[in-house]
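Colleague: One structure, as structure tokens, below. Some questions next.
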């Protein structure tokens, strides 16, 4: 606990840490979300967002903008106001819109969610808009706090969230794998799961998709991204990621946790 803020408890890393986090998630999230600073910023967003009618209005209120960006993992851009305003004002309906031309598809999700460039009446006027944005923000902020203790666990949390959403969209399989490549957390998740080298990112997109599908087929017997919507398949992927990440780091101290991780590594699929 620092300055009244709850810090997630992660007593061990790797897959053992993941299982602990899963068991304690509800209690830890409740304590984290109740932190005073988070609550005050949420109250400000809830009170003001219904009055925001344009991208210019949003970027003019830095506190409001920071909350909005945090909901999409884009808080590092809080001072790039001209850029964010352009992303929002262009919308997503035109292929030439800025958000659609950016490799990172979080910008398109952000622009689409607010609707300043897509609709005559922005989505900020919807009665449930604040609830949806604040729920997304709370989830990502918790992931970031976990990541401050263990970056691999943040990768697993964010990957589970984004992969579940992508797998449920009903896209064609090729489009879904392209979605993985356009999402920094998902790209990192699969690159880690499959042990892909840095040179992988330099291939053309068709080759990257073919590589991912081939590795998925070899590891799981199925190259459909939608298959990861199944809880057992998702858990197997995350287990693979965390075991491989732990093996690459090689930093676990000797003791029961290290012995457990060695057993997990031995049982993990190649």
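The values are calculated or read from the model by the stated rules, or taken from the named source; none is laboratory data. Treat the numbers as computed from the prediction; the structure is a model and nothing was measured. Please note: Cβ atoms are built from the backbone with ideal geometry, for glycine as well, and neighbour counts cover all protein chains shown.
Colleague: Given the criteria part of a loop (DSSP other than H, G, I, E, B) and at negative phi, does residue 53 qualify?
Modeller: For residue 53, the condition - part of a loop (DSSP other than H, G, I, E, B) and at negative phi - is met.
Colleague: Another one. So is residue 87 within 28 Å of residue 234 (Cα to Cα), within 23 Å of the chain's Cα centre (by Cα) and outside any strand (DSSP E or B) or not? Write out each step before concluding.
Modeller: Numbers: within 28 Å of residue 234 (Cα to Cα): no; within 23 Å of the chain's Cα centre (by Cα): yes; outside any strand (DSSP E or B): yes.
So residue 87 fails the test.
Colleague: Which condition does residue 153 not pass, out of (1) over 30 Å from residue 50 (Cα atoms); (2) at pLDDT below 95; (3) assigned to a helix (DSSP H, G or I), if it passes all the others?
Modeller: Result: residue 153 passes all but (2).
Colleague: Right, next: Condition first: farther than 22 Å from residue 127 by Cβ, at pLDDT below 95 and not in a loop (DSSP other than H, G, I, E, B). Can you find one or more residues in the stretch 2-11 that meet it?
Modeller: Yes.
Colleague: When you check residue 175 against the structure, is it under 21 Å from residue 102 (Cβ atoms) and not assigned by TED's automatic domain parsing to the domain that holds residue 20, yes or no? Step through it out loud before you land on a result.
Modeller: Numbers: under 21 Å from residue 102 (Cβ atoms): yes; not assigned by TED's automatic domain parsing to the domain that holds residue 20: yes.
Yes: the conditions hold for residue 175.
Colleague: To continue, here is another question. Residues to consider are 16, 47, 39, 30; find the one that is touching a residue at least 40 places away in the same chain (Cβ under 8 Å) and either in a helix (DSSP H, G or I) or exposed (fewer than 15 other Cβ atoms within 10 Å of the Cβ) (or both).
Modeller: Testing whether each residue is touching a residue at least 40 places away in the same chain (Cβ under 8 Å) and either in a helix (DSSP H, G or I) or exposed (fewer than 15 other Cβ atoms within 10 Å of the Cβ) (or both) leaves just 16.
Colleague: Of all residues in the stretch 162-188, which are within 10 Å of the chain's Cα centre (by Cα) and either buried (at least 17 other Cβ atoms within 10 Å of the Cβ) or at pLDDT 95 or above (or both)?
Modeller: 162, 163, 183, 185, 186
Colleague: Please state which of the following conditions residue 121 fails to meet, knowing it meets all the rest: (1) buried (at least 17 other Cβ atoms within 10 Å of the Cβ); (2) part of a loop (DSSP other than H, G, I, E, B).
Modeller: (1)
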